[in-house]
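Step one of this worksheet: look at the structure below.
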Amino acid sequence: NAEGVADPTVPPVARAGTPLPASRFKGNLIARYRFEIGDLAAHLQVAGVAQSEVFTTPITTPGYASLDLTAGVGHRGWFTELYVRNALDRRGEQSRFNLCAGLGTCMEMVVIPIAPRTVGLTFSQRF
C-alpha cells in the first residue's frame with residue numbers, strides 16, 4: 001500500500017524459488033601506474049568493468065564489458081587529466097524491461113544503455 005506495508009490478501013508477483021534478476025558475475029578491475037616526468041607527477045590508468053547476462057522472464061539483458069583509460073600530470077597543487085570512458089565504444093545494456101501501461105498491457109521494451117564513448121580533459125587546483 002502507499003505506506004509501504006505489505007497486504008497479506010495480495011499474492012506475491014513471483015513464486016517461491018524464483019531466482020532474483022541479477023547477473024552471476026559483475027566485476028571491476030583498476031590498474032594505475034605512477035611515475036615522474038622531470039618535476040611532474042604523472043600517472044596512467046586502465047579500468048575495466050564487466051557483467052554477465054541477467055536472466056529474467058521473459059527478458060534477458062545481455063552481458064557487457066567496458067574499458068576506461070586515463071592519463072594525468074600534476075605539479076605543486078595543480079593537476080590535469082585526459083580520460084576516455086568506454087574507450088571501445090561498446091553499446092552495453094545496464095538493464096532492460098517492459099514498460100507497462102496498467103491493466104497488464106506491456107507494450108514497449110525500455111533499454112538502459114551504458115554511457116557511450118566520452119573523451120574529456122579536467123583541470124584542478126588545490127588552494
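The values are calculated or read from the model by the stated rules, or taken from the named source; none is laboratory data. Computed from a predicted structure; not experimentally measured. Cβ atoms come from the backbone with ideal geometry, glycine included; neighbour counts cover every protein chain shown. Only protein heavy atoms, including side chains, enter the accessible area calculation; ligands, DNA and RNA are left aside. Shrake-Rupley method; radii C 1.70, N 1.55, O 1.52, S 1.80 Å.
The one condition from (1) touching a Ser or Thr at 6+ places or on another chain (Cβ under 7 Å); (2) within 27 Å of residue 125 (Cβ to Cβ) that residue 39 does not meet is (1).
If you go through region 105-127 and keep only what is more than 17 Å from residue 62 (Cα to Cα) and open to solvent by 70 Å² or more (accessible area, probe 1.4 Å), you end up with 107, 108, 117, 119, 121, 123, 125, 126, 127.
Return a yes/no flag: does region 74-83 have any residue that is β-branched (Val, Ile, Thr) and in contact with a strand residue (DSSP E or B) (Cβ under 8 Å, 6 or more places away or on another chain). Among the residues of region 74-83, at least one is β-branched (Val, Ile, Thr) and in contact with a strand residue (DSSP E or B) (Cβ under 8 Å, 6 or more places away or on another chain), which makes the answer yes.
Spot the failing condition for residue 94; the list is (1) of a type in the set (S, T, N, Q); (2) surrounded by 10 or more Cβ atoms within 10 Å (Cβ to Cβ); (3) in a loop (DSSP other than H, G, I, E, B), and only one is missed. Single failed check for residue 94: (3). The set of residues in region 58-103 that are under 30 Å from residue 38 (Cβ atoms) and of a type in the set (Val, Ile, Thr) comprises 70, 73, 80, 84. Look at region 107-123: where a residue is aromatic (Phe, Trp, Tyr) and a partner is modelled with pLDDT of 90 or more, sitting 6+ places away or on another chain with Cβ atoms under 6 Å, you get 123/80. Residues in region 12-52 that are assigned to a loop (DSSP other than H, G, I, E, B) and open to solvent by 100 Å² or more (accessible area, probe 1.4 Å): 12, 13, 15, 16, 19, 20, 24, 25, 39.
Within region 53-89, the residues that satisfy the criterion of being open to solvent by 30 Å² or more (accessible area, probe 1.4 Å), modelled with pLDDT of 90 or more, outside any strand (DSSP E or B) and within 30 Å of residue 99 (Cβ to Cβ) are 53, 62, 63, 88, 89.
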